Each structure stands twice: as C-alpha cells, then as structure tokens.
Amino acid sequence: MRQPRVTPIPLDPRVCDCCGEQSLESLWNYDHEAVTISDRWLFRVRNVICPECGFVFTPPVLNGAELLRYYGDSFTRFEGQSLDYDIEKRLCVIEQFIAGRELFVEVGSNLMSSFQDQLTALFEQVLTHEPNQSADSSCDGIDSIADDSVDGIAHYFVLEHVPDIAGFLREMNRVLRSGGIMICEVPLLSLYEDYISPLILHEHVNHFTQDTLACIAAKQGFELLHSSQEKCSRPFGFVSVFRKSSPVQVSVPKEYERNKAQFNNGKRQADLYFQRMHSARELVTQSDDPIIIWAANETSNRLLEGVIPRENVCVIDSSSGKKDFFSGRCAVLQPNAARKQIAKAEYIILCTQRHAPTILQNLETEYGKSFEESRIRIIDRL
Ligand SMILES: [Zn+2]
C-alpha cells in the first residue's frame, strides 16, 4: 500500500501573547510525525516559557491554515466511545452565566451528543462549528456569523490548539452582543504532573494558567467573571467565564518560577511515560511471542512509529472505523475477528490506561483470557 508523503507544517513567528516579550527560554523541543486519514505530518514542537510573565507556548508556531487542513484530515474523536466530559457541569455554567436565550454558538464541538440536544432546549438557536470536516457543523465558520448577534459562545478544549489566540478571541468578541458571555475550558498547567496528555500532545501550542489566559483575553476586550477547576467538564482543566466589555486593563502575571517548575514536573512524568513506551517497543520489535496491542490511537501510533509489526503482533480496537488507522502499515482487527490472536497471546500492551481495567475484565468474561501481571504493559498515562 502507498505510504503517504510526510508534510512538514510551515512555522510562523510568534512573541508572548501575554506580555509581548520576544526573548524566550526554551523548555522542551521535539519532532513528531502524525498520521491522518490521507497524510503524514511532521510537527516540530518548540515549547518555551516567557521569562517576563511565565506564559508557556510554542514559537515559532505551526501555520494556522495548514493546521486546519491537518484537523480536517484527522479522525473524528469519540467515535463509538462514551463522552469523556461532564455534560451537567457545562450546562450548569451556561445557565448560571448566560442571560440571553436567543443565539448560542459552540466552537470545536466535534461529534454531536446529548449536550448539544440539551442546548437546543435552552436557546432559540444553537450553532456549532467544527474545523474537522468529518465531524458535524451547523455553520460554515465564525466569519459567517453577524456582528453583535450572539448571547453566549463556548469553546471547550479548543484554545490550547489555536496558534493565533488574539485573532481567535477577536472573532469571539466581534460576534458577541455587548455583555455577551464567552465560556472557555482549557488544560491547566499545574495539573500536567497528574495528566501528561495535554503536555505531550504535539497539537498543543498553548499551556495556560488561569492568570495568563485572563491577561490574554483582557487585551481582546474580555472581563473575567469566574475561573475554577471545580466547574470544568474535564478533570485536567479549568473553566473561565468572560463578559464582552471595553478593553480591560489587567496586570501581567509574574509566574515564571512557578510555571517553569510545573512544566518540568509534568515533563518528568512524561519521561516515565516515554520509558514505558520504550520498553513496550522493545517487546514489539524483539519478542517472538504472540502479542496483542489494544487500541488504535495516538499512543499505539507512537508505539509503532517506524516499526513494521511482524506476524506475532496484532492490534485490536473495538471501533470498526479504525481498521485503516495505520495507513496499511498494520491492520487493526475488531475483538471478535481476533479471537484466535487473543487466545494465544502471551503479552498484552494496553494503549489506553483509562479503559485498561474494563478491557482486561472483558477479555476474561467474554474470551476466557487472562494475563499474569508481568505480561501486561500499560503505556498510556492519561
Ligand atoms: Zn510574557
């Protein structure tokens, strides 16, 4: 099968969004090759910290137009999986802070769920916009929405992906009515030690704290009304609620020492993750014993990067949409089609820590298969 070409994503220059500083301190650099439906992409990730304010981000940043093409070609998340966010918490914040009931917009909604259904009960009109073309969108783009027309706009775990934060927030501000509300959820830097995925995901170009986000948003005319971890719909982030207002003056945070320590604590956990990955790779490349790898995802993609799995290795995923996930490098079987491989497997590599206990339990009840602890590798620490 054809190997798709590797597309290095062009880089655009970038200064600190929080304080404008251009002289930045390097924290962690790496290159990562990502696979999408029809392409391969080279991400050159350069994480830095601003010595003035402590904002952590990636300059030069991946070109915005190319990134949209990358997301458009990406696999839709959550396909056949349960939602990983708390709908009640989202609705609670919306009901508490958004007074108008005419138009609500969600940016980056990905697959529609009962969350969107419940929104339509609260507002006369709900628009969703998703750059991933394989997902559902009800409007073509934010630029198709009229000025001063929206009561509330929300973006959940979107802004950490956005290279031009100022431009993105200006658009949010433009479409909101005077006094309109913007709800933003993003990963929280201080939690990276417990949740490394926001740190190691190559797509993330911003690593926020509550104060750096508030400072950046203030410059685009957003006044902070509320910020907390408790009301955030995912455990590794925070929610901030802003009101559209005239440009707001806030002081630049002084978080250099703290943010650098928090980033490095996360990086130490990430190093452990990479060690587990390394040991699993050794198993895959050197052992002749039958091995099953569970889940076709970013983790197994990293595991198999540059590896052509041999006959003794089988990747299993319960989603039928994943069968070409590795673009021909390796087939992905659904559990029922892999009964033989499951029965004779000597090792299992679980690439999804969150579902690992359920998967091991199901293997025992549905296939009568169990593994000794020394034969189990779990490499996803999310
Ligand atoms: Zn700065």
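Stretched out fully, how many nm does the piece from A166 to D143 gain, at 0.36 nm a residue minus the Cα gap?
Fully extending the segment from A166 to D143 adds 6.8 nm.
What are the radius of gyration and Dmax of the stretch 264-378, computed over its Cα atoms and given in Å?
According to the Cα coordinates of the stretch 264-378, Rg and Dmax are 13.7, 44 Å.
Tabulate in residue order the Karplus-calculated ³J(HN,Hα) for the stretch 54-70, using 6.51 cos²θ - 1.76 cosθ + 1.60 with θ = phi - 60°, rounded to whole Hz; enter x for Gly and Pro.
Here the 3J(HN,Hα) series is x, 5, 10, 7, 10, x, x, 9, 4, 4, x, 5, 5, 4, 4, 5, 4 Hz.
Among I37, F238, N301, flag the residue with its Cα farthest along the positive direction of the charge dipole of the chain, charges on Cβ as +1 for Lys/Arg and -1 for Asp/Glu.
N301
Quick one: helix 165-175 against the long Cα principal axis of the chain, what's the angle to the nearest 10°, folded into 0 to 90?
So the helix axis and the longest Cα principal axis differ by about 60 degrees.
What is the gain in length, in nm to one decimal, between R375 and N63 on full extension, counting 0.36 nm per residue of separation less the C-alpha to C-alpha distance?
Working: separation 312, 0.36 × 312 = 112.32 nm, distance 4.30 nm.
Result for the pair: 108.0 nm of gain on full extension.
So the label point goes 7 Å from the Cα of V6 along Cα→C-beta, right? Which residues of the stretch 176-211 then have their backbone N under 18 Å from it?
From the stretch 176-211, the list is 202-203.
With both bridge residues required to lie in the chain, what share of the DSSP beta bridges run antiparallel, to the nearest 5%?
So the antiparallel bridges amount to about 50 percent of the total.
Per-residue counts of other Cβ atoms within 10 Å, averaged by peptide: what ranking do you get for 145-155, 349-359, 264-274, 212-222, highest first?
212-222, 145-155, 349-359, 264-274
Express the relative contact order of the stretch 1-250 as a whole percentage, based on alpha carbon pairs under 8 Å and six or more residues apart in sequence. Write out the running numbers ahead of the final one.
Working: 503 pairs, mean separation 42.1, N = 250.
About 17 percent, as a whole number.
Grab the Cα-Cα distance for S245 and S113, subtract it from 0.36 nm times how many residues apart they are, and report the gain in nm with one decimal.
Using 0.36 nm per residue and subtracting the Cα-Cα distance, I get 44.4 nm.
How high is the FRET efficiency between E33 and S178 when r is their beta carbon distance and R₀ equals 35 Å, given to the nearest 0.05?
Plugging the Cβ-Cβ distance into 1/(1 + (r/R0)^6) gives 0.15.
Ranked from highest to lowest mean number of other Cβ atoms within 10 Å per residue, what is the order of the peptides 288-299, 63-74?
The densest-packed peptide leads the list: 288-299, 63-74.
To the nearest 10 degrees, how steep is helix 256-286 against the longest Cα principal axis of the chain, on a 0 to 90 scale?
Once rounded, one gets 20 degrees.
By counting other Cβ atoms within 10 Å of each Cβ, how are S251, S370, S300 ranked from fewest to most?
On the way: S251 9, S370 12, S300 28.
Ordered by Cβ neighbours within 10 Å, fewest first: S251, S370, S300.
So what's the Cα pair-distance distribution over the stretch 179-273, bin width 10 Å, in %?
17, 43, 31, 8, 1
Using the C-alpha gyration tensor of the chain, what are the square roots of 5 times its eigenvalues, in whole angstrom, with the largest one first?
Taking √(5λ) for each eigenvalue gives 38, 24, 19 Å, largest first.
Could you put S374, S327 in order, starting from the residue whose Cβ has the fewest other Cβ atoms within 10 Å?
Ascending number of Cβ neighbours within 10 Å: S374, S327.
So who's got an amide H within less than 5 Å of the one on G180, skipping anything under 5 residues away but keeping other chains? H placed 1.01 Å off N, in plane.
For G180, whose amide H was placed from the backbone, the distant partners under 5 Å are K244.
Restricting to DSSP H runs of at least four residues, report the calculated mean residue ellipticity at 222 nm for the chain, -39500 (n - 2.57) per run over all residues, nearest 500 deg cm²/dmol.
Numbers: 10 runs with 109 residues, N = 382.
Helix-only estimate at 222 nm: -8500 deg cm²/dmol.
Here is the link list: K89/K244; K219/K322; K89/K369; K219/K260; K89/K260; K323/K344. Which ones come out longer than 32 Å on Cα distance?
Result: K219/K322; K89/K369 exceed 32 Å.
Laboratory data are not the source of any read-out in this text; all were calculated from the coordinates shown. Since the model is a prediction, treat every value here as computed from it, not as a measurement. As a convention, Cβ positions derive from the backbone with ideal geometry for all residues, glycine included, and neighbour counts pool all protein chains shown.
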